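Okay, structure first, notes after.
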Amino acid sequence: MKGSGEEGQVKLLGASISPFVARVRIALALKGIHYQFVEENLQNKSELLLQSNPIHKKIPVLIHNGKPVCESMIIVQYIEEAWGNKAPNLMPKDPYDRAIARFWAAFVDDKLVPCLRGVFTSQGEQQEKAIQESVANFLILEEALRTNPCSSGKLYFGGDEIGFVDIALGGLSGFVKALQKAISSVLIDEEKMPLLSAWMDRFCEANGVKEVMPDPAKVLEFISAMRVKFTSPPAAK
Amino acid sequence: MEGCGEDGQVKLLGVAYSQFVVRVRIALALKGIHYEFIEEDIQNKSELLLQSNPVHKKIPVLIHNGKPVCESMIIVQYIEEAWDRKAPFLMPRDPYDRAIARFWAAFIEDKVIPSIVGAFKGQGEEQQKAVEESVANLLLLEEVLRSTGKAYFGGDGIGLVDIALGGLLVPIQTVEKVTNIVLIDAQKTPLLSAWADQFCKADKVKEALPDRAEFFVRLSARRAKLTSPPLAN
């Protein structure tokens, strides 16, 4: 899917199992933007990736008409603004609602993701603590879904349609589901978090999303392989 | 300075010495927005603070017409968007330039702040490593100024990135004094050094900065605690 024409030339450097890349692919898909996906080998990063993101050397990187944008949620905001006339709008119009959307996206990145990373990389007591913290953070998100004016009684954090927070959290769905399998523990309990549970199912089935979510088998394979590395003695890095 | 009138009712919950609060105060001052500053006692947080930021229970919180906004850089973007007709503009117009501004603001949050905290709290080899990281991070910011050739990260005027980093200047300069290390080196990072001077002297900014003498006393006490045997913390 070569990305050119009226949208300009759009390339996405990424890895198909990455939840951060998934976020960007979802935003591009929802906006109907054609792009060229360049699958990076993270053990052998391309010259283009290293030049486009010299500071962090990480994926995803969106390259629009030769200009690179880095950091998944910054890319999503860029997609929203650069294609501001293309529906759907991924951000609310009202400045206050936008601040709330940014707040919850930041919560996902600053609080939830580090806990999930902890679950992923640790074992024993440390992992148990990370699991408890992850669950606590998911409960906070359940509460947000239930009570926030934008989302209360609606299908998504963004309201009737997928929005910024849905993308921030939903992009992690594949990873979260595979992680639950790998550690044989539930993080999003259907009974304790009915709204979040239903939201995740709905999100993963949505048009634009289902086509770009990573292959669950591949994610589980990746997580299992990495966990062997993280948890084998002497402590591997 | 009661915050009312055409700006609506604006309250800022914070403490004068917090770099995160300073960022918000700078943005409000630049836009000429009147607000009521409510000084919080961090050891005894007000009911209003706990209700307004139940998730993090942290300052700053901006309350605009009764609605709370949390997280300093989110508040700064909110100020820009809620008062989008008021100059100066804190964000560029072009979507790509906006993405770059957000990138550097995130870099300051995710890399610069932790490395400087490490330089302040660490000792011996650990501190040395943190200092090297801090200097390396600041060199990257020097490079940004060099490549644009402008006085501020925001161009000719103060913008989002200037506010993100500028709010940290008194802490950074105080850390330098307290620990006797140089972070913003006038020789290694001349543009950043000049930027720091200009920023701290800028109209509307200097009133928002915390008292340096008080800050020095505060940080000195903390450093003394951290470095006194038996190792505190």
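Values computed for the structure shown
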quantity	calculated
Residue pairs meeting the criteria (Cβ under 7 Å; at least 6 apart or on separate chains; first more than 9 Å from chain A (Cβ to nearest Cβ), in the range B:71-89; second modelled with pLDDT of 95 or more and open to solvent by 50 Å² or more (accessible area, probe 1.4 Å))	B:SER72/B:PHE20
Among (1) out of contact with any strand residue (DSSP E or B) (no Cβ under 9 Å at 6 or more places or on another chain); (2) more than 18 Å from B:VAL112 (Cα to Cα) - the single one B:THR179 does not satisfy	(2)
Per-region count, the range B:47-56, residues open to solvent by 10 Å² or more (accessible area, probe 1.4 Å) and either under 24 Å from B:LEU160 (Cα atoms) or part of a helix (DSSP H, G or I) (or both)	6
Qualifying positions in the range B:3-46 - touching a strand residue (DSSP E or B) at 6+ places or on another chain (Cβ under 8 Å), under 17 Å from B:GLU81 (Cβ atoms) and surrounded by fewer than 20 Cβ atoms within 10 Å (Cβ to Cβ)	B:GLY8
Residue that is nearest to A:LEU141 (Cα to Cα) [pool: residues in the range B:68-99 that are among the charged types (D, E, K, R) and surrounded by 14 or more Cβ atoms within 10 Å (Cβ to Cβ)]	B:GLU71
Identity of the residue in the range A:150-165, under 11 Å from A:TRP199 (Cα atoms) and of a type in the set (A, V, I, L, M, F, W, C), that ends up surrounded by the most Cβ atoms within 10 Å (Cβ to Cβ)	A:PHE157
Single residue of the range A:61-72 satisfying the filter (open to solvent by 20 Å² or more (accessible area, probe 1.4 Å) and facing another protein chain (nearest Cβ under 10 Å)) that is nearest to A:VAL108 (Cα to Cα)	A:GLU71
Boolean, A:LYS129 is charged (D, E, K, R), more than 25 Å from A:PRO60 (Cα to Cα) and in a loop (DSSP other than H, G, I, E, B)	no
Residue within the range A:129-148 that is more than 25 Å from B:CYS70 (Cβ to Cβ), at pLDDT 95 or above, surrounded by fewer than 22 Cβ atoms within 10 Å (Cβ to Cβ) and more than 14 Å from every other protein chain (Cβ to nearest Cβ) present	yes
Conditions (1) closer than 24 Å to B:PHE107 by Cβ; (2) part of a helix (DSSP H, G or I): number failed by A:ALA136	(1)
Residue pairs meeting the criteria (Cβ under 7 Å; at least 6 apart or on separate chains; first assigned to a helix (DSSP H, G or I), in the range B:203-221; second open to solvent by 100 Å² or more (accessible area, probe 1.4 Å))	B:PHE216/B:LYS177
1 or more residues closer than 27 Å to B:SER193 by Cβ and charged (D, E, K, R): qualifying helices (runs of 4 or more DSSP H) within the range B:58-174	B:95-107, B:113-121, B:124-148, B:160-166
So A:ALA99, is it within 14 Å of another protein chain (Cβ to nearest Cβ), in contact (Cβ under 8 Å) with a residue 60 or more places away in the chain and either loosely packed, with under 15 Cβ neighbours inside 10 Å or assigned to a helix (DSSP H, G or I) (or both)	no
Residue count, the range A:16-35 (criterion: open to solvent by 10 Å² or more (accessible area, probe 1.4 Å) and touching a strand residue (DSSP E or B) at 6+ places or on another chain (Cβ under 9 Å))	5
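Residues checked against (1) part of a loop (DSSP other than H, G, I, E, B); (2) open to solvent by 40 Å² or more (accessible area, probe 1.4 Å):
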{"position": "A:PHE37", "(1), (2)": "no, yes"}
{"position": "A:LEU48", "(1), (2)": "no, yes"}
{"position": "A:ILE55", "(1), (2)": "yes, yes"}
{"position": "A:ILE59", "(1), (2)": "yes, no"}
{"position": "A:VAL76", "(1), (2)": "no, no"}
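The values are calculated or read from the model by the stated rules, or taken from the named source; none is laboratory data. Everything quoted here is computed from the prediction, not taken from an experiment. Cβ sites come from the backbone with ideal geometry, for glycine too, and all protein chains shown count toward neighbours. Surface accessibility is based on the protein's heavy atoms, side chains included, excluding ligands, DNA and RNA. Shrake-Rupley method; radii C 1.70, N 1.55, O 1.52, S 1.80 Å.
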